[in-house]
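**Q** Structure incoming, see below.
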Amino acid sequence: MLLLGFSSPLSAHRRDEYLQAARLALDPSAVQLELALTPGIAVADAVFNEADRNGDGWLTAAEQRAYAAKVLAAIGLSVDGTSIRMQPAGLFFPEREMVSRGEGTIHLRYNAALPRLLDGEHHLVFQNRYRGDISVYLANALVPDTNRIAVVAQRRDFTQRDLTIDFVLRGAPASPTATWFSSVIGLVVGAFLTRSARGFIHAAAGLR
């Protein structure tokens, strides 16, 4: 999927910055958040040590999950003013050597179910407050893979910690079975009304 309004190259961050790039994918019933977290060389060890809770230089599965939960705790997501609860859906952590060279990117994925939405205009708000002391941020919506949703605008604050996605939800097209059934019902009703009308005309003629 292509990015809508991608703001700047991922490689543009400085050595002393923690680049956090967020991508959000919408469908009629859910939203998926993908985070690509890339620490620069000057902050790489600090970022890794934050995840490496026992300090052994390796990240266990439990340490990775704990870090993903810590990041999630600093993120907010809402639609039309209603908060949405996200759940971890996947993670990848590079080896320490790659992180130390500024070449390692942590990938985190979260899913959230959307409340039942009526057709029309809606607003999804994403907020990222994780490690604001050393981080720079990017946030973008992905092009929806269904024509039931159209992203019409993206509004960010100057830091890109906050992103508002304005989108339009369209109704699902009728299925072929439903269309066929409606056509059959229409024909039956039409035939019944025609027959009833003919009977009424004949009865009226007999009264004359």
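The values are calculated or read from the model by the stated rules, or taken from the named source; none is laboratory data. Just so you know, these numbers come straight off a predicted model, no measurement behind them. Heads up, the Cβs are rebuilt from the backbone with ideal geometry, glycines too, and the neighbour counts pull from every protein chain shown.
**Q** Consider PHE181 against the criteria (1) at pLDDT below 75; (2) touching an Asp or Glu at 6+ places or on another chain (Cβ under 9 Å): it satisfies all of them except one. Which criterion is unmet?
**A** Unmet for PHE181, out of (1) at pLDDT below 75; (2) touching an Asp or Glu at 6+ places or on another chain (Cβ under 9 Å): (2).
**Q** Also, quick follow-up: Answer yes or no as to whether TYR130 is of a type outside the set (Val, Ile, Thr), in the same structural domain as ALA30 (by TED's automatic domain parsing), assigned to a strand (DSSP E or B) and within 25 Å of GLU17 (Cβ to Cβ).
**A** No: the conditions fail for TYR130.
**Q** Related question: Determine whether segment 89-106 contains at least one residue that is over 13 Å from the mean Cα position of the chain (by Cα), more than 25 Å from THR60 (Cβ to Cβ) and assigned by TED's automatic domain parsing to the domain that holds ASP162.
**A** So in segment 89-106, the residues over 13 Å from the mean Cα position of the chain (by Cα) come out as 90-106.
Now drop any that are not more than 25 Å from THR60 (Cβ to Cβ), which leaves none.
For segment 89-106, residues over 13 Å from the mean Cα position of the chain (by Cα), more than 25 Å from THR60 (Cβ to Cβ) and assigned by TED's automatic domain parsing to the domain that holds ASP162: absent.
**Q** Okay, next question. Tell me which residues, restricted to segment 19-68, are exposed (fewer than 14 other Cβ atoms within 10 Å of the Cβ) and among the aromatic types (Phe, Trp, Tyr).
**A** Residue satisfying the conditions is TRP58 alone.
**Q** Among the residues of segment 99-118, which ones are assigned to a strand (DSSP E or B) and farther than 17 Å from GLN20 by Cα?
**A** Once the filter is applied, which keeps residues that are assigned to a strand (DSSP E or B) and farther than 17 Å from GLN20 by Cα, segment 99-118 yields ASN111, ALA112, ALA113.
**Q** How many residues are under 16 Å from LEU37 (Cβ atoms), crowded, with 16+ Cβ neighbours inside 10 Å and either at pLDDT below 95 or of a type in the set (Gly, Ala, Ser) (or both) when one looks only at segment 103-127?
**A** Residues meeting the conditions: 1.
**Q** Quick check on segment 148-174: of everything there that is polar (S, T, N, Q) and either closer than 15 Å to HIS123 by Cα or modelled with pLDDT under 95 (or both), which residue is surrounded by the fewest Cβ atoms within 10 Å (Cβ to Cβ)? It would help to see each step written out before you state the result.
**A** We begin by selecting, within segment 148-174, every residue polar (S, T, N, Q); these are 154, 159-160, 164.
Now drop any that are not either closer than 15 Å to HIS123 by Cα or modelled with pLDDT under 95 (or both), which leaves 154, 164.
Working: GLN154: 18, THR164: 16.
Checked segment 148-174; the qualifying residue surrounded by the fewest Cβ atoms within 10 Å (Cβ to Cβ) is THR164.
**Q** For segment 86-98, name all the residues that are surrounded by 14 or more Cβ atoms within 10 Å (Cβ to Cβ), of a type in the set (A, V, I, L, M, F, W, C) and assigned to a strand (DSSP E or B).
**A** Selection gives ALA89, LEU91.
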